[in-house]
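Notes to accompany the following structure.
The values are calculated or read from the model by the stated rules, or taken from the named source; none is laboratory data. Everything numeric in this text was worked out from a predicted model, so none of it was measured. Note that each Cβ is placed from the backbone with ideal geometry, even for glycine, and that neighbours are counted across all protein chains shown.
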Amino acid sequence: MNYEYKALDHITSSDIEALGISAKLAERIHEKLNEIIRNYGPATPDTWQNICERILTPDLPFSFHQMMYYGCYKDFGPDPPAWIPDPENVKLTNVSRLLETWGKEFLGSKYEDPISSFSDLQEFSVSNPEDYWKTVLDEMSISFAVPPQCIIRESPIGESHSSYLGGQWLPGAFVNPAKNCLSLNSKRSLDDVMVIWRDEGDDVLPLNRMTLREFRAEVWLVAHAIKTLGLDKGSAIAIDMPMHVNSVVIYLAIVLAGYVVVSIADSFASCEISTRLKISEAKAIFTQDLIIRGDKSLPLYSRIVEAQSPMAVVIPTRGSSFSMTLRDGDISWHDFLGRVKHFKDREFAAVEQSVEAFTNILFSSGTTACLLLSQVGFGKFVAALFSSLSLTGSREPKAIPWTNATPFKAAADAWCHMDIHKGDIIAWPTNLGWMMGPWLVYASLLNGASMALYNGSPLGSGFAKFVQDAKVTMLGVIPSIIRAWKSTNCMAGYDWSAIRCFGSTGEASNVDEYLWLMGRACYKPIIEYCGGTEIGGGFITGSLLQAQSLAAFSTPAMGCSLFILGSDGYPIPENEPGIGELALGPLMFGASNTLLNANHHDVYFKGMPFWKGRVLRRHGDVFERTSRGYYHAHGRADDTMNLGGIKVSSVEIERICNAADNNVLETAAVGVPPPGGGPEQLVIAVVFKDSESNKADLNQLRISFNSAVQKKLNPLFRVSQVVPLSSLPRTATNKVMRRVLRQQLAQVDQNSKL
């Protein structure tokens with residue numbers, strides 16, 4: 001908490017006026033503030049809630065918002081609530097309706113009311129997965145071609161090497177998640193809007209909309225066209241495109257036709273594209289000619305060609321022309337659809353497959369093999385390093401298959417924790433190459449909501465206007481975007497009052513930045529959401545039935561059990577405060593049970609402790625549980641960092657930087673959080689070959705590193721700082737101790753701000 005601010009009952013109208021507010025308005029604000037203090041006291045959550053409702057508006061200076069927040073909670077301690085659920089509004093939520101119907105049957109005499117009993121429901125979802133997941137799948141109107149024999153067939157207690165550690169979900173079921181996205185049910189009619197979109201630069205034009213009738217006709221047509229490619233059943237088909245209505249149609253058409261989507265982010269360089277195509281053995285790829293961002297045209301198809309991709313279907317960016325001649329065997333979007341023009345409006349018979357069949361292959365650069373030095377003795381740490389060398393030595397991204405069950409995990413998280421339902425409009429700037437792209441598709445469409453897609457940069461006023469015009473009700477963000485919005489104030493003047501809640505994932509949040517974000521939408525809650533590609537959603541998050549604190553999680557996700565490992569490597573007592581590496585219970589609906597290019601058991605379970613007869617699942621993040629029951633994320637426990645929401649191996653960056661300058665002996669790449677919290681910044685520690693090189697121009701070296709990393713790895717990565725060292729800290733086995741280096745650099749950065 002920031003102690004520089006005055007307590008609320010010590011603030012004067014002059015203090016308010018000093019922030020740039022007119023004397024007359026400052027006096028009125030001060031009168032309202034005093035009235036609130038008289039009724040609720042100077043420092044209570046009710047005080048803050050009334051200030052949000054009666055005083056704070058988006059047009060008041062953010063410094064005044066800070067004065068109110070920090071003044072109210074000056075002596076509150078950790079995790080002050082920035083938002084408190086209103087009992088009347090809670091009645092309208094999905095979870096409240098579920099509890100009003102099933103609360104007494106699920107919880108018995110423990111049931112009180114939806115708010116009081118939310119944590120009991122979460123515990124019930126873990127201890128009674130059969131009842132919980134059957135109810136939620138019914139609530140979402142999920143339809144199976146062949147119903148499952150049961151919800152979960154649990155593995156025997158003590159099992160540690162089964163393919164289904166914990167259990168097998170929906171055994172015997174046959175289903176198609178894309179068909180479920182397009183089906184008529186109680187949640188929607190043919191005239192309901194499925195997708196709302198706008199292209200960057202068309203900000204003054206009306207929004208584009210597509211109804212369910214129109215949308216599924218488009219998906220059906222593309223599915224018919226895909227069948228003309230003559231690919232074997234279950235073949236992998238890649239998508240490397242921005243997230244636009246066309247890419248969503250293609251995504252669902254691939255799944256509807258029984259093939260497997262290979263997700264590739266449109267920011268990747270050709271070598272990264274090539275790696276993913278080879279691992280997945282993709283037989284075809286959908287892409288577009290160029291990516292237009294403002295006045296810039298970024299090549300995409302040419303990168304596909306350079307990656308030596310298989311046959312490509314290419315969408316022209318401008319009209320019907322291309323910036324380069326298509327390769328022999330590649331086909332234009334127009335000609336591709338022309339093959340099946342006689343099938344227009346003809347329903348495509350969905351290919352129903354086993355629930356365990358792959359539907360999507362996504363990639364993660366994260367590693368989870370290393371253990372924390374603080375969690376095991378040094379001897380055990382050294383042994384663990386030796387045993388995990390085979391896991392950390394590979395530079396390939398992990399290829400993580402989603403099965404036909406995984407989309408239902410994504411949609412169920414949205415149903416429960418973001419309260420997505422019919423009538424909602426969901427926007428989340430992302431890409432199909434990252435899990436939040438497919439997540440957005442299923443979270444919206446399986447819950448009867450609309451997707452809002454902005455084909456352009458989310459960093460400017462064009463996106464802000466789109467959110468306003470589309471009347472977005474749930475806006476997903478990553479902290480890097482918030483920082484850009486706050487620094488440019490490009491949101492000013494736009495009405496975001498339709499927003500019911502925000503979702504945030506990908507990086508660690510910053511209190512001030514998220515206080516600013518809440519203020520843009522009249523203090524609607526931010527639901528923090530953390531999970532992983534291999535989980536298909538989140539393991540820890542928030543809820544509209546719980547008070548939400550900034551940059552904190554309030555609950556494990558439904559169906560998930562969390563364990564914080566103590567210094568002995570075993571879970572600390574449940575609900576006690578503490579910090580350590582996070583482990584997960586193995587019984588998680590939708591979570592992965594295989595990897596294409598690594599041993600799934602070794603990556604996630606080898607060497608993990610047992611709890612009540614079941615081996616725990618490794619995740620790799622350090623988490624803290626506070627005295628008030630909230631959770632805070634403290635970054636990766638291993639040598640992986642999170643840059644702009646993208647997990648990347650330090651080894652990958654170091655390999656590139658080591659070759660970028662002849663004077664460099666070795667480097668260590670670490671992600672260092674800024675002093676105020678928030679997303680990690682990439683810092684490169686450098687050891688030079690000789691002492692004379694220590695006089696090198698570090699800024700020029702930073703520019704060289706930047707250029708190399710952006711060209712060879714990802715154009716979104718940016719080196720923030722280069723730090724020269726005489727040597728790198730190492731273990732007895734000569735492994736670079738990046739975590740120690742990260743802590744040292746963070747402490748130096750913190751001290752420099754004092």
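Scanning the range 220-265 for residues that are of a type in the set (A, V, I, L, M, F, W, C) and assigned to a loop (DSSP other than H, G, I, E, B) yields a total of 7. Strands (runs of 3 or more DSSP E) fully within the range 510-626 that include at least 3 residues being among the aliphatic types (A, V, I, L, M), touching a strand residue (DSSP E or B) at 6+ places or on another chain (Cβ under 9 Å) and farther than 30 Å from CYS72 by Cα: 578-584.
Taking the options LEU19, LEU56, name whichever one is surrounded by 15 or more Cβ atoms within 10 Å (Cβ to Cβ), at pLDDT 95 or above, closer than 24 Å to TYR494 by Cβ and in contact with a Ser or Thr (Cβ under 9 Å, 6 or more places away or on another chain). Before you say what the answer is, go through the steps one by one.
Values: LEU56 fails: in contact with a Ser or Thr (Cβ under 9 Å, 6 or more places away or on another chain).
On inspection, the qualifying residue turns out to be LEU19.
Contact map, the range 675-693: residues that are under 13 Å from LEU728 (Cα atoms) paired with residues that are at pLDDT 90 or above and part of a helix (DSSP H, G or I), Cβ distance under 6 Å, separation 6+ or inter-chain. Pairs shown: ILE684/CYS657; ILE684/PHE705.
Could you list, in sequence order, the residues of the range 147-166 that are out of contact with any helix residue (DSSP H, G or I) (no Cβ under 8 Å at 6 or more places or on another chain), surrounded by 14 or more Cβ atoms within 10 Å (Cβ to Cβ) and modelled with pLDDT of 95 or more?
PRO148
Tallying residues that are outside any strand (DSSP E or B), charged (D, E, K, R) and over 22 Å from HIS619 (Cβ atoms) within the range 644-684 yields 3. Can you pull out every residue in the range 40-52 that is touching a residue at least 60 places away in the same chain (Cβ under 8 Å) and farther than 24 Å from THR626 by Cα? If the condition is that a residue be touching a residue at least 60 places away in the same chain (Cβ under 8 Å) and farther than 24 Å from THR626 by Cα, then CYS52 is the only one that fits. Any residue in the range 66-77 that is surrounded by 20 or more Cβ atoms within 10 Å (Cβ to Cβ), among the polar types (S, T, N, Q) and not in a loop (DSSP other than H, G, I, E, B)? Checking the range 66-77: not a single residue is surrounded by 20 or more Cβ atoms within 10 Å (Cβ to Cβ), among the polar types (S, T, N, Q) and not in a loop (DSSP other than H, G, I, E, B). Report yes if TYR132 is modelled with pLDDT of 95 or more, under 24 Å from ASN447 (Cα atoms) and among the hydroxyl-bearing types (Ser, Thr, Tyr), otherwise no. Answer is yes for this residue. Checked against the criterion of being outside the structural domain of PRO674 (by TED's automatic domain parsing) and in a helix (DSSP H, G or I), the range 490-499 contains not a single residue that satisfies it.
I want to confirm something. Restricting to the range 78-109 and keeping residues that are hydroxyl-bearing (Ser, Thr, Tyr) and touching a residue at least 40 places away in the same chain (Cβ under 8 Å), which single residue is surrounded by the fewest Cβ atoms within 10 Å (Cβ to Cβ)?
Among residues in the range 78-109 that are hydroxyl-bearing (Ser, Thr, Tyr) and touching a residue at least 40 places away in the same chain (Cβ under 8 Å), the one surrounded by the fewest Cβ atoms within 10 Å (Cβ to Cβ) is THR93.
Of the numbered criteria (1) touching a residue at least 40 places away in the same chain (Cβ under 8 Å); (2) surrounded by fewer than 24 Cβ atoms within 10 Å (Cβ to Cβ); (3) farther than 15 Å from MET518 by Cβ; (4) not polar (S, T, N, Q), the one GLU507 fails is (2).
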